[in-house]
Amino acid sequence: MARYLEAKCRLCRREGEKLYLKGGKCYSDKCPIERRPYAPGMHGKSRRQKVSDYGTQLREKQKVKRTYGLLEKQFLSYYKEADRRQGVTGLNLLHLLESRLDNIVFRMGLASSRTEARQLVRHNHVKVNDRWLNIPSYQVPVGARISINEKAAEHLRVNASLEAASQRGTAEWLDVDLTTRQATFRELPARDQLDPGIREQLIVELYSK
């Protein structure tokens, strides 16, 4: 499967805000967007500030797509599924993205970023109910129990992520036990429990054209 292999901090600078793609670095003074809060490239500082409606919608889609670590084809398939389901398309889209296994592992605090969480899943360290899974895009059902194996639990990076999670907190819609490194997917998150900076209606408007 195709992956983005360039510097992730360039993505944050292009969107003009932190997407938290580099874990602990994003919370430190080493975050590039703190020192260079403009788009990358030789014309980053001099780019026009006026943006069309289409440009605003496109940037929002790019921001969300990059936040969850997806490429265009996969993100479009999530939108089509969200549009097919009953209910509000924008909220359906966020529910599909938040229900991904790699995102759940990240929200549990077992990884400092979604990229790191995806690596844990790929290396077969994560169990959903009684089944080991190595598919980051797996849609975790409500009520499922998520845990990691003992080998992964001993990793220094996992323990560092858990320590940070104990200070910053974990997702409200997950019942997380940081001691046993397990969680239960209690319910789908309400909109006010998700990132208020995401304007999903702009994405719906973009794809509805």
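For the reader, a short list of remarks on this structure follows.
- Spacing of the modelled spin labels on residue 77 and residue 191, each 7 Å from Cα toward Cβ, amounts to 2.8 nm.
- Each residue of region 136-145 was assigned a 3J(HN,Hα) from its phi angle through the Karplus expression (A = 6.51, B = -1.76, C = 1.60, θ = phi - 60°), giving x, 7, 4, 7, 6, x, 4, x, 6, 9 Hz with x at Gly and Pro.
- Across 80/127; 80/151; 127/209; 63/127, pairs whose alpha-carbon gap is larger than 32 Å: 80/151; 127/209
- Packing order of peptides 173-180, 145-152, highest average first: 145-152, 173-180 (average count of other Cβ atoms within 10 Å over each peptide's residues).
- By average C-beta atoms within 10 angstrom, highest first, the peptides 70-79, 55-64: 55-64, 70-79
- Gain on full extension, evaluated as 0.36 nm per residue between residue 177 and residue 51 minus their Cα-Cα distance, stands at 40.9 nm.
- Dimensionless Rg/Rh of region 155-209 - Kirkwood Rh, Rg from C-alpha atoms: 1.15
- Shape analysis of region 100-185 based on the Cα gyration tensor places the equivalent ellipsoid semi-axes at 17, 14, 12 Å, largest first.
Bear in mind these aren't lab numbers, they're just calculated from the coordinates by the rules spelled out. Only a predicted model underlies this, so the values are computations on that prediction, with no experimental measurement involved. Every residue, glycine as well, gets a Cβ built from its backbone with ideal geometry; the counts of neighbours run over all protein chains shown.
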